[in-house]
Amino acid sequence: MKHFTIVSILVILLTVFVYVLLQAVGLLPTQASSQAVIIDQLFDIHIGIISFLFSLIVVFIGYSFIVFRRNKLLPDEEGQHITGSSKLEIVWTLVPLAVVIFISYLGAISLAETRKIDPQALEVKVTGGQWYWSFDYPDYGITSDALYLPVDRQVKLSLTSMDVIHSFWVPEFRVKQDVLPGENLVKELRFTPIETGDFMVLCAELCGGAHAYMNSPVKVVTEGEFQDWVDEELGNFPQDPESLGERLAKNNGCFGCHSVDGKDGVGPTWKGLYGSEKTLVSGEKIMVDEEYLHESIVNPNSQIVLGYPANVMAQNYSELFTDEEINNIIAFIKSLE
Amino acid sequence: MKSFMSTGIVKGILYQITGSFMGAGILGGIRALMGLSWKTEPAIVLGGLVGAIGFMVGVGGFKDWWKMALGEEVNEASQVFGEQGLKRYFGFSLDHKVIGIQYGILSMVLLVLGGSLALIFRVELAQSGLQILNFVQFNTLVGLHGMVLIASILMGIAAMSNYVVPLLIGAEDMAFPRLNAFSFWIAVPASIILMSSMLFGGFETGWTAYPPLSVRGPMGIQMFFLGVFIVGWSSILGALNLIATVLTMRSKGMELFKMPIFAWSVLATSIISLTATQLIGLSFQLVMFERLFEMSFFTPSNGGNPILFQHLFWFYSHPAVYIFVLPGLGIISELLPVFVRKPLFGYKWVAMSSMGIALTGFLVWGHHMFTAGIEEYLRVPFMYSTLLVAVPTGVKFFSWVATIWQGKARFPVPMLFVLGGIIVFLLGGLTGPPSGTVSTDLHLHDTYYIVGHFHNTMFGGFIFPIFAAIYYWYPKITGRRMSETLGKIHFYLMTPSFFLMTFGQMRIGLLGMRRRIADYDPAMGFDFTQLLITIGGYLIAISILIFFYNLIVSAKKGESATGNVWNSRSPEWDILPSPAPAHNYAGIHFNVVGEPYDYGLKGSKYVELAQVEAQSKESDE
Ligand SMILES: [Cu+2]
Ligand SMILES: [Cu+2]
């Protein structure tokens, strides 16, 4: 009995120590959404349980090794012949069972809390593609490559992918949802930002190639600033073809593969593209003119530039863009001398 | 030279190369006859397949079966004595002990390969920015590191089960010696095919190979699929053999609840391998077909569903985790009583907990898909079933602790690794629940936290126990002991290095480090921790080099140990000399006269030679 009293005290002490230590090192990023607050409460419970079980096992083993160590004078000393105890086994089956069911129950509640629906939520359509994010605000008719969100208002994301599986994750918001291709597989994710500031959406599902760089800025701003941003996007934006083209290219992920400063990427740079001479895989040499650019965008596989892979660019830009929009993009490419 | 060329493995590889070219040629030929141009992808797939069959022909895997099919006589396996000396390990042998060592060698070779892949990409990750690798190379290394080590683990557990189980249960060999040899040898061409994915452009998908990504991109993925598919065969057939052996070949008087506990864990593991492996094979095969024949099982734009793949894949790959760890946990339960000199606490409960883990393991695969977009109503039930696994796992831990409690522990090297295994697996077990409850997993999924978590389970459940097993049974294999000093250096270098690595991984994962990224934003402040992780990884590698040195040198120079070195009750130590003779107990009869783990009970024995019994009867009269 004496041993069990000592061990119990040691277990409690070590539990407290481990728990305090784990809390003190700051395990998680800041809580920037109301979901993060809920989820972190469950993390706290887990940390408590981890500290306790770790201490329980380690203290018992360590104590036994030290206190019941073999007598130096009796090198062949054997342990006591104790083969088991059904009572104990039943206890340490049933007690954990109860705990496990209880934790699952807490987990279910926690999940339900994070999924509370606010009918007033701001709707944003999120599109992921190799390797960019694009955000549509259907209420405002805005498309953007950064996610602007007003603080303290729930946002409802509808997520879809252009190609492979991606995953939407902002560590400070805690929540994550895979983004699937397929019209019938549009997924929904809701959260409420509670802190203004700059964050990053990171693609969390391996999507090949530049997966590591599939990040876009998330800006949580006040309601007023959000309205200013909307106004600016809608009204004050220059309406000349070049600027419109640049916006289109930016918001549709072209810059994920094409640079405008001469750097090589997955696709050829656009700097100085117009008017240059190119060799195609077919061996043909061509001059880059408007017609060629048009064809390269709507029907990319028809002319593949030497040294670059086919089948990488999406094949459906002709459906995605109107003719006018394509002409704007071409105007933008032309301006990059 | 001539004898070198006639070694089974050399012949096998030559046949495999020839077969591969033949397969590729046949496909090219057929296409040419149909007026189609050359296409590399189907050619390498058929080539790989024919190559694997070629290997089996070359190594002699079909010889006896072919004779039987023709109605000719073949020797019973117990009549075959085969080659002796080192050479027997490199050719087709029917002896379970030889096959066990062969599995072990393959496992260690794959361990070195898979580990080295990690050492390469860890250099890339030691610092933010891209230094030595491009994206495809990085992704290939990450994916192969995973799958090669999975193969290594499968081979490692097969090594332990093959070598040890017949010895423990008093059998002369495995139930089906030819099938046993076949299961081993088929894994060799499979491993070669798996590694060859690097030659064909690598692959970008990681070991999970999710479509649609795996449907696009470099064709190295086909070799990855094919390699795994064939390793799966090895695993299924091996499991079948082990189940038959454990159920039918126990020596007289050894009831199920009297067999050594390791046999229980092997039984549980084999039930999983036998019934779940098909699912990963099938899912990979479907993606192969999707690529080869443009069938569309998983691509939504043509009516497929990518989530279906994930269900099929995880239906195997979660239980697979228990395939990997149950034998290791069995080793812990097997060795602990020997070194604390106390009976295994609650033997039946420990045995049943393996079964319990195996069964609940089948019901939890959905926890890998909490963020995948599965039906909403599935997430909560999978959370309950997942956490339920903690119950039988808890039984194991509590029983181990109770076994240790008041034991008179000794700490030779195998015991150190047993303890390391317990503590590391404890960390693996404790870091699991946060990713088992849905809402917290929304944060953890696909982060480095998960990487840390499963390295804990794999090291605790496999790496530490297999080292314990090797140090422990080495004298049985060679008649010599491995050096204790080097073994201790190995242990005391590897364990802290492992903690450095895994705590680093979990720490940055919680803070936002994703899995499988070649580069990370320096602004996140992970550089220093990443460097530590890399250092930890390299220190582990060094410790394992020391282990290999010890392993090889001790075979010749080790202290001779022919008797019951560990003072164990189990028949292979108590009855057999070391090294264990061919056909084990052939001609020796022993009876099971007690419980396997009654340490501390004066005068009791687990097994007794039949003659001894007869003699004592005589003297009684
Ligand atoms: Cu990605
Ligand atoms: Cu799992």
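Structure notes:
- The single condition from (1) on the phi < 0 side of the Ramachandran plot; (2) buried (at least 18 other Cβ atoms within 10 Å of the Cβ); (3) at pLDDT 90 or above; (4) of a type outside the set (Asp, Glu) that residue B:597 fails is (3).
- Extreme residue, nearest to residue B:496 (Cα to Cα), among residues of the stretch B:371-380 that are within 15 Å of ligand 2 (Cβ to nearest atom) and at the interface with chain A (Cβ under 9 Å from one of its Cβ atoms): B:371
- The listed residue being touching a strand residue (DSSP E or B) at 6+ places or on another chain (Cβ under 6 Å), of a type outside the set (Lys, Arg), part of a loop (DSSP other than H, G, I, E, B) and more than 16 Å from ligand 2 (Cβ to nearest atom), out of A:118, A:152, A:163: A:163
- Spans of helices (runs of 4 or more DSSP H) in the stretch B:381-455 with at least 2 residues at the interface with chain A (Cβ under 7 Å from one of its Cβ atoms) and in contact (Cβ under 8 Å) with a residue 60 or more places away in the chain: B:438-444
- Total residues in the stretch B:209-255 satisfying the condition of being more than 26 Å from residue B:103 (Cα to Cα), free of Cβ contacts under 8 Å to residues at least 60 places away in the same chain and in a helix (DSSP H, G or I): the figure is 1.
- Residues that are touching a strand residue (DSSP E or B) at 6+ places or on another chain (Cβ under 9 Å) and not hydroxyl-bearing (Ser, Thr, Tyr) within the stretch B:548-578 comprise B:555, B:556, B:557, B:558, B:559, B:561, B:569, B:571, B:574, B:575, listed in sequence order.
- Any hit, the stretch B:248-261, residues being under 20 Å from the mean Cα position of the chain (by Cα) and among the aromatic types (Phe, Trp, Tyr): no
- Of the candidates A:234, A:185, A:202, A:206, the single residue that is touching a Phe, Trp or Tyr at 6+ places or on another chain (Cβ under 6 Å) and either away from ligand 2 (no atom under 16 Å from the Cβ) or under 17 Å from residue A:148 (Cα atoms) (or both) is A:202.
- Residues located in the stretch B:315-342, provided they are surrounded by fewer than 24 Cβ atoms within 10 Å (Cβ to Cβ) and either in a loop (DSSP other than H, G, I, E, B) or touching an Asp or Glu at 6+ places or on another chain (Cβ under 7 Å) (or both): B:341
- Looking at A:277, A:223, A:232, just one residue is acidic (Asp, Glu) and in contact (Cβ under 8 Å) with a residue 40 or more places away in the chain, and that residue is A:223.
- The residues listed here are A:217, A:171; of these, the one that is more than 16 Å from ligand 2 (Cβ to nearest atom), more than 22 Å from residue B:215 (Cβ to Cβ) and either of a type in the set (Gly, Ala, Ser) or surrounded by fewer than 18 Cβ atoms within 10 Å (Cβ to Cβ) (or both) is A:217.
- Residue in the stretch A:188-199 that is nearest to ligand 2 (Cβ to nearest atom), counting only those that are in contact (Cβ under 8 Å) with a residue 24 or more places away in the chain and not hydrophobic (A, V, I, L, M, F, W, C): A:188
- Scanning the stretch B:11-40 for residues that are of a type in the set (A, V, I, L, M, F, W, C) and free of Cβ contacts under 8 Å to residues at least 40 places away in the same chain yields B:17, B:21, B:22, B:24, B:26, B:27, B:30, B:32, B:33, B:34, B:36, B:38.
- Counted residues, the stretch B:516-537 - those being within 9 Å of chain A (Cβ to nearest Cβ) and crowded, with 22+ Cβ neighbours inside 10 Å: 4
- Any hit, the stretch B:350-368, residues being at the interface with another protein chain (Cβ under 7 Å from one of its Cβ atoms), open to solvent by less than 10 Å² (accessible area, probe 1.4 Å) and either on the phi < 0 side of the Ramachandran plot or in contact with a Gly (Cβ under 6 Å, 6 or more places away or on another chain) (or both): no
- Out of A:133, A:92, sole residue that is assigned to a helix (DSSP H, G or I) and of a type in the set (Phe, Trp, Tyr): A:92
- Filter pass, residue A:113 being under 27 Å from residue B:307 (Cα atoms) and more than 12 Å from ligand 1 (Cβ to nearest atom): yes
- Residue ranges of helices (runs of 4 or more DSSP H) in the stretch B:1-88 with at least 2 members over 26 Å from residue B:174 (Cβ atoms): B:2-5, B:8-33, B:40-59
- Considering residues of the stretch A:21-79 that are small (Gly, Ala, Ser) and surrounded by 17 or more Cβ atoms within 10 Å (Cβ to Cβ) only, the residue nearest to the other protein chains (Cβ to nearest Cβ): A:79
- Boolean, residue B:569 is closer than 30 Å to residue B:595 by Cα, modelled with pLDDT under 95 and surrounded by 21 or more Cβ atoms within 10 Å (Cβ to Cβ): yes
- Condition met for residue B:265 (in a helix (DSSP H, G or I), surrounded by 21 or more Cβ atoms within 10 Å (Cβ to Cβ) and either of a type in the set (S, T, N, Q) or touching a residue at least 60 places away in the same chain (Cβ under 8 Å) (or both)): yes
- Selection status of residue A:105, open to solvent by less than 40 Å² (accessible area, probe 1.4 Å), more than 7 Å from chain B (Cβ to nearest Cβ) and either within 38 Å of the chain's Cα centre (by Cα) or among the aromatic types (Phe, Trp, Tyr) (or both): no
- Checklist (1) in contact with an Asp or Glu (Cβ under 9 Å, 6 or more places away or on another chain); (2) among the hydrophobic types (A, V, I, L, M, F, W, C); (3) closer than 25 Å to residue B:192 by Cα applied to residue B:110, failing item: (1)
- Qualifying residue in the stretch A:201-215 (condition: out of contact with any Ser or Thr (no Cβ under 7 Å at 6 or more places or on another chain) and away from ligand 1 (no atom under 11 Å from the Cβ)): no
The values are calculated or read from the model by the stated rules, or taken from the named source; none is laboratory data. As the structure is a prediction and not an experimental result, all values here were calculated from the model. When we count neighbours, we look across all protein chains shown, and the Cβ atoms used for this are built from the backbone with ideal geometry, even at glycine. Just so you know, the surface numbers come from the protein's heavy atoms only, side chains and all, with ligands and any DNA or RNA stripped out. Shrake-Rupley method; radii C 1.70, N 1.55, O 1.52, S 1.80 Å.
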